[in-house]
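I have placed the structure first, in the form of structure tokens, so that the comments after it can refer back to it.
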Amino acid sequence: MNTYQAELAKLDPNSTIEKDGTITYVNPGGPNSAGAGGYADWTNIVKETGQVSVTLWGENPGKTDRPVSIKINGVVSATVSFAALSGWHDSAPVKLTIPAGAKIETAYGVNGGPNIDAMTVVSLTAPPPPDVPPVVVVPVPTSRPTILTTSPAPPTTFKTITSDNFKPVSGTTYTGLKIMGQVSLTGLKNIKFINCIIDAMNTAWYCIRCDKASGIVIQNCELKNAKAAGVYGHGFSAINCYVHRIGGDGFKPLGNCLIQGCYVTQLGWMDPTAHADGVQISGGSNIIVRGNFFDMPRNVVNTLSGTNLFVQGVCYNITFDGNWCIGGNYCLHFYPDGGTGCSVTGNTYYTGTSQYGFSSMASNVTWSGNKTQTGQTALPNTK
């Protein structure tokens with residue numbers, strides 16, 4: 001799986017590259033044009049060939065839905081639409097075939113197109129290489145994580161710094177920091193945050209953004225007040241973290257990630273339009289979610305409860321094991337659109353907290369060893 005930034009594509013003359021906070025995106029047609037007939041040519045940057053799944057990350061600030069077509073050698077192979085007045089989010093994944101040497105474009109309709117930040121392409125020809133999250137030797141919790149077990153360990157004295165003045169360096173360990181704003185780790189390696197607070201101040205999309213990163217460790221940290229997610233990206237291990245007051249989702253892992261022993265609560269914070277998932281995976285591989293407490297009861301003021309785990313797109317090796325699950329329309333929505341190695345095992349579900357049931361899931365997902373809080377066998381349609 002690779003994620004390609006839109007600003008690297010070849011653009012039509014009327015499109016512009018703009019910024020929304022830390023997001024650099026392509027505005028089709030620019031600020032003074034509807035963008036009809038605009039395009040972006042991705043031919044020289046997309047590496048995959050053969051059967052693939054494609055997801056676009058974008059937003060639509062307009063008052064009408066805006067579709068975008070994906071063309072292969074000038075022929076429309078798929079079309080996705082971004083709803084009116086929608087914030088930054090992933091499109092529905094689409095399957096298509098890219099021949100070797102093919103021309104790959106995104107093209108916009110008569111109402112213009114959405115603002116596009118990135119394209120994620122997952123090969124369906126073969127499973128991804130056996131990459132794994134960084135090794136972090138921390139015991140998996142045997143009881144529900146709490147604020148006390150997940151917050152920075154006392155007696156930490158915090159040094160406050162703004163994200164504008166924080167310049168992370170690969171191979172560095174940071175402790176005792178209170179960072180105000182989004183921490184951007186795109187493309188960096190082997191960085192640790194231990195006993196830190198990262199406060200996105202309700203202005204940044206993420207507490208931590210680490211796409212194309214590896215070896216990122218976030219341990220005993222408090223993550224709060226992000227608009228879209230606590231952590232978004234590749235190659236991170238979030239261990240014993242307190243994630244709360246997030247406008248969207250707790251985590252958005254892209255691949256090679258471990259989420260363990262975290263206390264996740266107060267999602268969809270102050271945003272009545274949010275999807276509000278504990279972990280949202282829109283295509284990805286080698287993601288382990290274990291020993292976390294997703295405390296997401298429905299009908300709590302200022303919060304929403306989408307689902308503890310939301311999975312779609314092509315996925316390989318997604319493990320959801322030993323978690324404690326409260327709330328959601330379904331506690332889990334697990335529908336990988338292809339892939340192998342996905343399982344839901346040994347979790348505890350609280351009866352009466354989900355609206356429809358413990359899980360809505362595809363037949364290619366393994367379900368075993370799950371129970372209710374009273375020790376009864378939990379089945380997907382139990383609630």
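The values are calculated or read from the model by the stated rules, or taken from the named source; none is laboratory data. What you are looking at is a predicted structure, and each value in this text was computed from that prediction instead of being measured. Here the Cβ is made from the backbone with ideal geometry for all residues, glycine too, and neighbour counts use every protein chain on show.
Filtered by the rule that a residue be assigned to a strand (DSSP E or B), of a type in the set (A, V, I, L, M, F, W, C) and either over 21 Å from the mean Cα position of the chain (by Cα) or surrounded by fewer than 19 Cβ atoms within 10 Å (Cβ to Cβ) (or both), the range 40-66 gives a lone residue, Ala40.
Would you check if Asn381 is among the polar types (S, T, N, Q) and assigned to a loop (DSSP other than H, G, I, E, B)? Considered against the rule, which asks whether it is among the polar types (S, T, N, Q) and assigned to a loop (DSSP other than H, G, I, E, B), Asn381 comes out as yes.
For the range 326-347, enumerate the residues that are closer than 12 Å to Ser305 by Cα and not in a strand (DSSP E or B). The answer is Gly328, Asn329. For the range 241-258, give me the residue count where each residue is buried (at least 24 other Cβ atoms within 10 Å of the Cβ) and either among the acidic types (Asp, Glu) or part of a loop (DSSP other than H, G, I, E, B) (or both). Residues that pass the stated criteria total 3. Looking across the range 208-239 at every residue that is outside any strand (DSSP E or B) and of a type in the set (Lys, Arg), the one that is surrounded by the most Cβ atoms within 10 Å (Cβ to Cβ) is identified as Lys227. Out of Thr319, Thr303, one residue alone is modelled with pLDDT of 90 or more, over 15 Å from the mean Cα position of the chain (by Cα) and part of a loop (DSSP other than H, G, I, E, B). It is Thr303. Residues in the range 259-268 that are crowded, with 24+ Cβ neighbours inside 10 Å and in a strand (DSSP E or B): Ile259, Gln260, Tyr263, Val264, Leu267.
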